[in-house]
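The structure appears below as C-alpha cells.
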Amino acid sequence: MTNTQDTVAGRAGPAAGRRPRFGPRRRPWVGLLFVAPMLVLFLLFRFLPAIGAFFLSLTDYRISGKWDFIALDNYTRLLSDNVFHEALLVTITYTVIFVPLTVLLSLGTAVLLHQVVWNRGFFRGVFFLPYVTSIVLAAVIWKWIYDAQDGLLNSVLGLVSIGPIDFLSQSSTVLPSIAVTSAWKGFGYSMLILLAGLQAVPKSYLEAAMIDGAGTWQRFRYVTLPQLRPVLFFVLVIETIGAFQVFDAMYVMTGGGPVRSSYSLVYFLYDSGFKYFDFGYASAIGLVLFLIVLIVSLVQRRLVGRDD
C-alpha cells in the first residue's frame, strides 16, 4: 500500500509542482506599445511644457530671448497685483454660477432622455450638437441674442413690457449671461456621461425600492443619485476645470468688460503674455491657476468622490 502511494505521488509530483497554464503568456510590452504614442504626446505637449512654464515663471524672460533669473519675484508681484485679485474674483464668481447650472442642466436632460423610449438617439444628437460647434460661433450668436436693441431675448421681454436690458454691458448681468452661453454650448458632453451612468444603475435596485413603496423622487434621491456619485464627481471636476479656464466666450462677447467685470484669470494670462510680452509673469499666473484648480479638485474629491 505504501509503495503504491509513493508511486502515485512520484508520478503526480512533477505535475503537482507545476502551475497550470490557462492561456498564452502575458506580454506587458504589447500593452505599452499601444499606449506609447499617447504617452509620448502627453510628455511632449503636456508634461514638458508644464516643467518649462515653471522654470520660465522664475525668470523675467523677454521677447528678445534675453532673461534673468529672479526666483519668486513674479509670485510676490502677483500677491500685490490688484488686477490679479479682480481676475481671480471674476473667475471664482463665474465658476460658482457656471458649474451648478451646467451640472443641473446636464443631469435634468439626462434623466429626461433616460425616460424617453421613442427616438432617443435623435434627441441625444440634438442636445449634443452645440458641444461640437465652435465656441466663437456660439458666442457670436448669443451676443446677438443678448443685444439691447435688436436681440431676440429683449424682443421677447418687450412683449411683456420688460426691458430693454443690456445684458453684456452691466456688471450684475454679464457673468450670468456668459455662463448661460457656456452652459448651452458645453452641457451635451456631461449629459452623455450622466446618461451612461443612469443606464448603468441596476434595475433590481429600483425594483426593490418600488416594492418597498418608494415613490419616483425617493427612488431618484436614495437609489439613483448614490449610484451616480462617481459619475457626478467626474462631471464636477471637468466642468470646474473648464470654468476656471474660461476665455473664448469672454474675449468674443465682452472683451473683458465692462470695467473688467468679465476679466478672467486666463484673460489676464493672455494679456500678460501676448499683449505685454511678460512671459515670466504669464507663466506664474498659469502655475497659480493650476494650483487653484488642483486644490478645488481635491476638495471636490473629498466631498463628492469616493474610492470604489
Ala196 open to solvent by 50 Å² or more (accessible area, probe 1.4 Å), assigned to a helix (DSSP H, G or I) and in contact (Cβ under 8 Å) with a residue 24 or more places away in the chain: yes
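Of the residues Asp150, Asp166, Asp212, only one is among the acidic types (Asp, Glu), farther than 21 Å from Val304 by Cβ and surrounded by 15 or more Cβ atoms within 10 Å (Cβ to Cβ); which?
Values: Asp150 fails: surrounded by 15 or more Cβ atoms within 10 Å (Cβ to Cβ); Asp212 fails: surrounded by 15 or more Cβ atoms within 10 Å (Cβ to Cβ).
None of the other options fit; the residue is Asp166.
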Those residues of segment 104-115 which are over 21 Å from the mean Cα position of the chain (by Cα) and free of Cβ contacts under 8 Å to residues at least 24 places away in the same chain, in sequence order: Leu112, Gln115
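Please verify whether segment 112-119 includes one or more residues that are closer than 24 Å to Asp248 by Cβ, open to solvent by 60 Å² or more (accessible area, probe 1.4 Å) and not small (Gly, Ala, Ser). Break it down stepwise before answering.
Filtering segment 112-119 down to residues closer than 24 Å to Asp248 by Cβ leaves none.
For segment 112-119, residues closer than 24 Å to Asp248 by Cβ, open to solvent by 60 Å² or more (accessible area, probe 1.4 Å) and not small (Gly, Ala, Ser): absent.
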Selected residue (criterion: nearest to the chain's Cα centre (by Cα)) from residues of segment 266-291 that are surrounded by fewer than 16 Cβ atoms within 10 Å (Cβ to Cβ) and of a type outside the set (Phe, Trp, Tyr): Leu291
Matching residues, segment 51-62, being within 24 Å of the chain's Cα centre (by Cα) and open to solvent by 50 Å² or more (accessible area, probe 1.4 Å): Ile51, Phe54
Segment 245-265: number of residues that are assigned to a helix (DSSP H, G or I) and surrounded by fewer than 21 Cβ atoms within 10 Å (Cβ to Cβ): 3
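In the set Trp144, Trp118, Trp67, which member is part of a loop (DSSP other than H, G, I, E, B), without any contact (Cβ under 8 Å) to a residue 12 or more places away in the chain and not small (Gly, Ala, Ser)?
Values: Trp144 fails: part of a loop (DSSP other than H, G, I, E, B); Trp67 fails: without any contact (Cβ under 8 Å) to a residue 12 or more places away in the chain.
Among Trp144, Trp118, Trp67, only Trp118 is part of a loop (DSSP other than H, G, I, E, B), without any contact (Cβ under 8 Å) to a residue 12 or more places away in the chain and not small (Gly, Ala, Ser).
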Residues of segment 34-50 satisfying the condition of being surrounded by 10 or more Cβ atoms within 10 Å (Cβ to Cβ) and of a type in the set (A, V, I, L, M): Val35, Ala36, Leu39, Val40, Leu41, Leu43, Leu44, Leu48, Ala50
Residue in segment 71-103 that is farthest from the chain's Cα centre (by Cα), counting only those that are assigned to a helix (DSSP H, G or I), more than 13 Å from Val246 (Cβ to Cβ) and without any contact (Cβ under 8 Å) to a residue 60 or more places away in the chain: Asp73
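Confirm whether Ala183 is at pLDDT 90 or above and surrounded by fewer than 14 Cβ atoms within 10 Å (Cβ to Cβ). Please lay out each step first, then the result.
Details: at pLDDT 90 or above: yes; surrounded by fewer than 14 Cβ atoms within 10 Å (Cβ to Cβ): no.
No; evaluated as a whole, the condition is false for this residue.
The values are calculated or read from the model by the stated rules, or taken from the named source; none is laboratory data. Just so you know, these numbers come straight off a predicted model, no measurement behind them. Cβ coordinates were reconstructed from backbone atoms using ideal geometry, including for glycine residues, and neighbour counts include every protein chain displayed. The accessibility values were calculated without ligands, DNA or RNA, using every heavy atom of the protein model including side chains. Shrake-Rupley method; radii C 1.70, N 1.55, O 1.52, S 1.80 Å.
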